[in-house]
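Scroll down for the structure; my scribbles are underneath it.
The values are calculated or read from the model by the stated rules, or taken from the named source; none is laboratory data. Note that the structure is a prediction, hence the values are computed from the model and not measured. Counting neighbours? That spans all protein chains shown, and the Cβs are built from the backbone with ideal geometry, glycine included.
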Amino acid sequence: MTRAALVAAALLSAVGTGTAGAADVIKFGISTPLSGPAAPWGIPHKQATELVFDEINSQGGLEVNGKKYRLEVVAYDHKYVIAEGVATVNRLISKDGVKYVSILGGAVAKANEEAVNEAGVLGLTLAYAEGLVSPKNPLTFQCFPAPPETTTFWKWIKDRQPQIKRVASIAPNDDTGWWSVKVETTFVQKLGYEVVAKEFFERGVMDFNPILLRMLAQKPDAISVMASPAGSVGLIVKQARELGFKGRFVALHQIDSSVVAGIAGRENTEGMWVHGYVQTPLPEKLKSWQQRYTKKFGEWNATSVDFTNPAFAFIAAVRKAQSLDPKKIGEAMRSVEFDNLWGKAHFGGKDFYGVGQQIIYPMPFSEVKDGVATLLLQLPPPHN
């Protein structure tokens, strides 16, 4: 949908106040990258939310205190540009009257902390950034596993691939990348790995050769691309292979390995480890989601699986709170247990973050085999 069409749709709907307007609508805002290198995240973020909400609407809507409300998505493209992210969230809050917003991207979410807190908006993030989940952000809930959770997979690598000893990292040069590398570096060093390089790149860069030449000179056995978008990872993998790198790539974040393969070549992604993206085998619940998603949007996108979490969490918390007040929904969200596509989910992590606002559920990890992201196992996060 074009920006003009989105704006028109927003204007046609009731003016949101955190309660339903004349049309009994609950407006749910999304600020996400619908274009650019991070679009393989943003598009399924928007579409997954729309599908979950459509299915609730088809059953008559979301019931609150005996009244049914229609769920409506108001989405804007921030292109993974911080200034655009600030503008889109401001528009959602100030012009569209949205009281619940899902933001994708750590740097964008961090840039909007003050606006979200001052407006008393419920934030359901898909984002990596230090301090985002913390007591200072009482209504911000992280809706997919972040580096403190996903890095636990390095224990599995350590046990099964003892020949990997030297690790290099490459990530975006922003809040998302800095925190991801910081967390991962600390974790792998405790496991006994030698971190031989840490490199950062500006989003949108196409030529990674200067960075990769420095990195490969340190002879890493594995390269972590934590927090890097699929388009960038494809270029990194392609160019690293062209420079002679024979080791493993590790992507312990939600990334579409098929996009990576489309850029880098299928053979160059072989053996890549990925979190949050599974093509086969799919449990029955995921097969059903795949069929419904494909029917609605015409093409399957496995990244959509984890990106259903903000919608599932929001619906569960509203049902428990029986209120449309963001604070009351937030209170309910801290204790509600709900089903996501991977199993039982809840918000926790107070022992690590100081507040129980990080989603917790069995995390899926895959290995790319013959070009297909093949499920290896699900692991519990390291905290409750």
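Given the residues Phe200, Phe208, Phe141, which is the only one that is touching a Leu at 6+ places or on another chain (Cβ under 7 Å) and either within 30 Å of Val355 (Cα to Cα) or of a type in the set (Ser, Thr, Tyr) (or both)?
When all the criteria are applied, what remains is Phe141.
Might you check whether a residue that is in contact with a Pro (Cβ under 7 Å, 6 or more places away or on another chain) and farther than 26 Å from Trp289 by Cα occurs anywhere in region 305-325?
No; the residues of region 305-325 include none that is in contact with a Pro (Cβ under 7 Å, 6 or more places away or on another chain) and farther than 26 Å from Trp289 by Cα.
Among the numbered conditions (1) outside the structural domain of Ser31 (by TED's automatic domain parsing); (2) modelled with pLDDT under 95; (3) not polar (S, T, N, Q), tell me where Val237 comes up short.
Here Val237 clears every test but (2).
Here's the yes/no breakdown for (1) of a type outside the set (Lys, Arg); (2) modelled with pLDDT of 95 or more:
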position: Met272; (1), (2): yes, yes
position: His275; (1), (2): yes, yes
position: Lys285; (1), (2): no, yes
position: Trp289; (1), (2): yes, yes
position: Arg292; (1), (2): no, yes
position: Lys296; (1), (2): no, yes
position: Ala302; (1), (2): yes, no
position: Asn309; (1), (2): yes, yes
position: Phe312; (1), (2): yes, yes
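Which condition from (1) within 29 Å of Gln142 (Cα to Cα); (2) assigned to a helix (DSSP H, G or I) is the one that Val195 breaks?
(2)
Taking only pairs six or more apart or across chains, which ones have beta-carbon atoms under 6 Å, a first residue in region 86-107 that is at positive phi and in the same structural domain as Ala127 (by TED's automatic domain parsing), and a second residue that is at pLDDT below 95 and surrounded by fewer than 24 Cβ atoms within 10 Å (Cβ to Cβ)?
Gly97/Val15; Gly97/Thr17
Taking region 170-222 on its own, how many of its residues are at pLDDT below 95 and at positive phi?
Count: 1.
From the set of residues in region 35-71 that are free of Cβ contacts under 8 Å to residues at least 40 places away in the same chain, part of a loop (DSSP other than H, G, I, E, B) and not polar (S, T, N, Q), which is farthest from Lys296 (Cα to Cα)?
Gly66
For region 277-381, give me every one of the helices (runs of 4 or more DSSP H) that falls completely inside it and has 1 or more residues that are over 21 Å from the mean Cα position of the chain (by Cα) and under 30 Å from Lys155 (Cα atoms).
284-297, 350-353
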